[in-house]
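Structure record follows, encoded as structure tokens.
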Amino acid sequence: MTPEEAKQAYDELIAEAREMNLKKTKEVYTEVHHILPKSLGGDNSPENKVRMLGRKHFEAHWLLTHVWEESSRKYNKMVKALHKMSFGIHKDEYRIMADEYEHIRTLNRNALYGDNNPSKRPEVRKKISNKLTGVKHSEERKAIECAAQQELCKKPETSENRRIAALKRPPVSAETRKKRSQQQKGKKPGNFGKQATPKARQNMSDAQLIAQNRPEVKQHQRDVQTGKKRTSETKKKIKHVNIIRWKLTRLAKRLATLLLIHDANITTSQV
């Protein structure tokens, strides 16, 4: 169907609906149709509205998807309207068939695919941003979202998927690290000045121990470090840490020996 044929059929359908002059009743289901859709600049004036049977209303919107050329802004808007009508609150009134269902879903997908997606246009993104700026969620909604997030994190498949994604993630380049460093320079972290609870510290410690003991994590760390040469400064730091560890180990052994001797002396004196 060409755009001219679709426009002629649409005009005839509107003329037929005006001639019928339907009223809202309980016996016959009808809907109000905007002759020039509101998304294309139409208004709510009586001259721009006509009452139609539900099936005829569906046909009108189907014809509107053929009036304009594909990939045009108006075509995308009409496809979205037809899709909303087919799968919205009144979907049971139209009873579309399987082939019509597939056709409408395909039209909607193509209309929103790639650069045709309205959310990718700068003016639309700015409009959404302005609408959401300053909006605060209620405490009830925050509690619901927090509970849902906690429930999601408890699922084994969620943590497993995150772990696999982290292992597959490529290492961050030096340029990216430099950009992040410049962006965060002078800023304080969100948890600055806050003290974690003992339970939170224990959970973080347990999670770190579990992660470090996984074979795939160890292999990933080896792969990342393979071929890298340590600087003299890094070698000095490692040597310093190893010396401290050795001294602490010796001190712990001496303390254990002294305690044993002390216990033995107490036992002997009591005897």
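The values are calculated or read from the model by the stated rules, or taken from the named source; none is laboratory data. Quick caveat: nothing in here was measured; it's all calculated off a predicted structure. Glycine also receives a Cβ, built like all others from the backbone with ideal geometry; neighbour counts cover every protein chain displayed.
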inquiry  = Among the residues that make up segment 42-54, is at least one of them in a helix (DSSP H, G or I), out of contact with any Gly (no Cβ under 6 Å at 6 or more places or on another chain), at pLDDT 80 or above and under 17 Å from ALA17 (Cβ atoms)?
reply    = yes
inquiry  = Residues to consider are GLU31, GLU69, GLU27, GLU12; find the one that is in contact (Cβ under 8 Å) with a residue 40 or more places away in the chain, over 17 Å from PRO118 (Cβ atoms), surrounded by fewer than 17 Cβ atoms within 10 Å (Cβ to Cβ) and not aliphatic (A, V, I, L, M).
reply    = GLU69
ask   = helices (runs of 4 or more DSSP H) wholly in segment 113-170 with at least 3 residues that are touching a strand residue (DSSP E or B) at 6+ places or on another chain (Cβ under 7 Å) and hydrophobic (A, V, I, L, M, F, W, C) - which ones?
value = none
message = Testing LYS155 on (1) within 30 Å of GLN225 (Cβ to Cβ); (2) surrounded by 10 or more Cβ atoms within 10 Å (Cβ to Cβ), one condition comes back false. Which one is that?
response = (1)
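Rundown of residues vs (1) among the aliphatic types (A, V, I, L, M); (2) at pLDDT 80 or above; (3) in a loop (DSSP other than H, G, I, E, B); (4) over 30 Å from LYS154 (Cβ atoms), yes/no style:
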site: GLY186; (1), (2), (3), (4): no, yes, yes, yes
site: PRO189; (1), (2), (3), (4): no, no, yes, no
site: LYS228; (1), (2), (3), (4): no, no, yes, yes
site: GLU233; (1), (2), (3), (4): no, yes, no, yes
site: LYS236; (1), (2), (3), (4): no, yes, no, yes
site: VAL241; (1), (2), (3), (4): yes, yes, no, yes
site: TRP246; (1), (2), (3), (4): no, yes, no, yes
request  = Output the number of the condition that THR106 fails; it satisfies all remaining conditions of (1) modelled with pLDDT of 85 or more; (2) within 26 Å of the chain's Cα centre (by Cα).
outcome  = (1)
inquiry  = If I ask for residues that are charged (D, E, K, R) and surrounded by 10 or more Cβ atoms within 10 Å (Cβ to Cβ), which ones from segment 158-192 would you list?
reply    = GLU160, ARG162, ARG163, ARG177, LYS178, LYS179, ARG180
query = Across segment 109-152, what is the total count of residues that are exposed (fewer than 10 other Cβ atoms within 10 Å of the Cβ) and acidic (Asp, Glu)?
reply = 4
